[in-house]
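Scroll down for the structure; my scribbles are underneath it.
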Amino acid sequence: MGVELVEGRDLFCRDNAVYMRTTEGERQVDVIYRRIDDAFLDPMQFRPDSVLGVAGLLNAARAGNVVISSAVGNGVGDDKLVYTYVPTIIEYYLGEKPVLANVDTYRCWLDAEREEVLDRIDELVIKPVEGSGGYGIVFGPDASAKELTAIVKKIRNDPRGWIAQPVMQLSTVPTQIGDRLAPRHVDLRPFAVNDGDDVWVLPGGLTRVALPEGSLVVNSSQGGGSKDTWVLASRTSAADRELAAAEVVRSLPKSATGPKADGAPDGSSSQQQQ
């Protein structure tokens, strides 16, 4: 894609401009697509103990010498309540129905939907509207009576702060856990690129995996991992897919197909990239 992936330590500011350190010298940066929280972005403006951001970045942005995509303070896209309006937004701006359906979502600030959530609290997944990273989520089917009572109280006290969804059953893939393969739940994040003329989907994506057995939470902050994912060919027949799968199994290292033999070295990682 021609986009450099950098960390804060790869950048520095001078005279209200941002530069990137390279093996060929410094290069001025015009646009930054940032993925870290506001509080860590610039230690001169926010948290002084942050080592993730770039000192002076906000001054450079104010001076008009760099554009920060995903602008500071622009967190509306992280609001889970906005998700419930995406089909309406698509119809309004594009004049067509969404190709992919949303997960059914209950908005607890609406009286009727809130009462249904409270009636089915032990069946649903309850999520904080402003939360991220898997924090604050309550899985009704797995929650204790004490946890359910607590979340009911939170919903009643702050209905606008919560949504609820049915439990979605994720697919599983073989994952190397210790010295053997075991099924773990995953979700796939594909990526689409708009080059100005067309929109195309990258031949691959990020597969996030819930490493704890039985877990449906794939967030890395909750112990999840990731698997690199590539699309190696266009759609094939079922027979071709079965042959390809058999070839993959035959090519796996012995340590990944079952318990290691006595005296064999431990696996070098807890998870096989697929």
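Bear in mind that the values in this text are calculations on the coordinates, not laboratory data. Just so we're clear, the structure is a prediction, and the values are computed from it rather than from any experiment. Virtual Cβ from ideal backbone geometry, glycine too; neighbours counted across all protein chains shown.
Before moving on, here are some points about what is shown:
- Net charge over other residues, Cβ less than 12 angstrom from the Cβ of Tyr106 (K, R count +1; D, E count -1): -2
- By the Cα gyration tensor, segment 8-69 has an equivalent ellipsoid whose semi-axes, rounded to whole angstrom, run 18, 13, 11 from largest to smallest.
- Ile32, Ile126, Ile89, Ile137 arranged by Cβ crowding within 10 Å, fewest neighbours leading: Ile89, Ile137, Ile32, Ile126
- Between Val18 and Val29, the built amide H atoms are under 5 Å apart, and every one of these is 5 or more places off in sequence or on another chain.
- Scattering profile of segment 12-161 at q = 0.13 Å⁻¹ [log10 I(q)/I(0), Debye over alpha-carbon scatterers]: -0.80
- Debye-formula intensities of segment 75-168, expressed as log10 I(q)/I(0) at q = 0.17, 0.24, 0.26 Å⁻¹, are -0.73, -1.26, -1.40 (one equal scatterer per alpha-carbon, no solvent).
- Of the GluC sites (Glu not before Pro) found in segment 1-83, the ones in coil according to DSSP and having at most 14 other Cβ atoms within 10 Å of their Cβ are Glu4, Glu7, Glu24.
- Neighbour counts of other Cβ atoms within 10 Å put Leu5, Leu211, Leu206 in the fewest-to-most order Leu5, Leu206, Leu211.
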